[in-house]
Each structure stands twice: as structure tokens, then as C-alpha cells.
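Undergrad: Before anything else, here's the structure in question.
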Amino acid sequence: MFASKEIADTVRTRKTKNRVKLSSDAAHGAQDKYCGSTNQKQGVLFSKNGLEFSGSKVDRAFSFSKLDRHFGQVQQRQTTLMSGLKAAVGSFRAAFAGLFGGGREKTFSATGGSGGGGSHGAGSVSLGSAGSIPLPPLDSPFALSPEMMQRRVGESPEEHIARITALINKAAEAMAVALVERKRRMEARSRKIG
């Protein structure tokens, strides 16, 4: 197999998502190519078995402009996913506070592990830069558990974020409906009493 084809296959199978990771992956020896003696990036060089290839010579998809566009799109998708997750966390916290009040709970990481003490018994789940969310009491109908929030085997980070965002949104919506229903019942009771 030709060295350039091996490089192309390696880069594709690793699904590199940013320029830093591309440059640090020793399997294909990628490094930035600069314009003359300036700091302006001009391309990317791959090396294998002592041979150097410009990105576009390995595969047209690996030209500097196409790699730059690819990494920009990946960054945009990740930013969009994280924005959605942060919005879901905010909605969830508001619905949770309205239904159950505040409190400090045992914290679980979405990737595993725990720490802290608990007041609701269910704890909370840390979602990295999106913050953490308290879990509803164990006996509530709003099913969320640390296990549900963990990344599944074979699940990409993007799929994981999208899945837990959907779970959090669904739970927040159910809690918001329950809160409205609770308020409606309380108002009906106060009208009967008064």
C-alpha cells in the first residue's frame, strides 16, 4: 500500500475533529506548512516512512482550505449542540426548582463517578461545561438517572450530547406540565375553601 493511501485511510478512520488533534496524531505525522518565513499557515504536510506529502497530494479532501472548512463545521456543530444542552439545563433547573425547590444533592458525572451529600436522595448529574442538573426524587414520575445520562458504548460525543439534551428537555417539559397542574389544583382548592 502506498504511504499516501495509508495516511488517507488513517486520517479518515480516526475522524479527526480539530487541527490540534490532527497535528498531534503521530500515526500520520501531520504538521502545518507555513508560507515562507511568516506565521501564515498555507497547508498541511503529512509524513510516513520518511516521505512527506502535502495534504492535497494525499487526498483532495485534505487540502488546507477543505480541512479548515471541515474543522470549522465540526466546531459549529459542537457549539450548536452545547448551546442546546445549556438551554435544556436552564429549562430543567427552572422546572425542577418550581416543582421540588432547591437543595444540594449528591453529584454524579455523566461519564461516571460521584461525590457530595444528598437531600432528595436522587442526587444530580454533572454535564461538564453545561453545569449540573438535580435529579428528581427517586419516587417521582420524571425518570432521569445517572445511568441514563452516561455515554453509551459506541456513542459519539455528538450523539451523547444530543441524546441527553432530548432526555433533559423531555423531563423539563413533564415537570413544567406537572407544576402547572399543581398550581391549578391549588387554585381550585383555595376557591372551594374561600
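What follows draws every value from the coordinates through simple rules; no lab data is involved. The structure displayed is predicted, hence computed values, not measured ones. All Cβ positions, glycine included, derive from the backbone under ideal geometry; neighbour counts span all protein chains shown.
Undergrad: Considering amide H positions built from the backbone, and no H for Pro or chain starts, which residues 5 or more places from GLY123, or on another chain, come under 5 Å of its amide H?
TA: Residues meeting the amide H criterion: LYS106, LEU135.
Undergrad: Follow-up. Using the basic label-point model (7 angstrom from Cα toward the beta carbon), what is the ARG191 to ALA162 distance in nanometres?
TA: 4.5
Undergrad: Also: To the nearest 0.05, what FRET efficiency results for SER37 and PHE64 with a Förster distance of 22 Å applied to their C-beta separation?
TA: Step by step, r from the Cβ atoms, then E = 0.75.
Undergrad: Just to check I understand the Karplus step: with θ = phi - 60° and J = 6.51 cos²θ - 1.76 cosθ + 1.60, what whole-Hz values come out for region 130-143, glycine and proline as x?
TA: 7, x, 10, 10, x, 8, x, x, 4, 8, 7, x, 9, 6
Undergrad: After finding the eigenvalues of the alpha carbon gyration tensor for region 145-194, what semi-axes result from the square roots of 5 times each, listed largest first in whole Å? Spell out each step's value before the answer.
TA: Working: eigenvalues 303, 15, 3 Å².
The equivalent ellipsoid of region 145-194 has semi-axes of 39, 9, 4 Å.
Undergrad: Can you give the FRET efficiency for ARG182 and ARG152, using 1/(1 + (r/R0)^6), R0 = 25 Å, r = Cβ-Cβ distance, to the nearest 0.05?
TA: Details: r = 34 Å, r/R0 = 1.36.
Once the sixth-power term is evaluated, E becomes 0.15.
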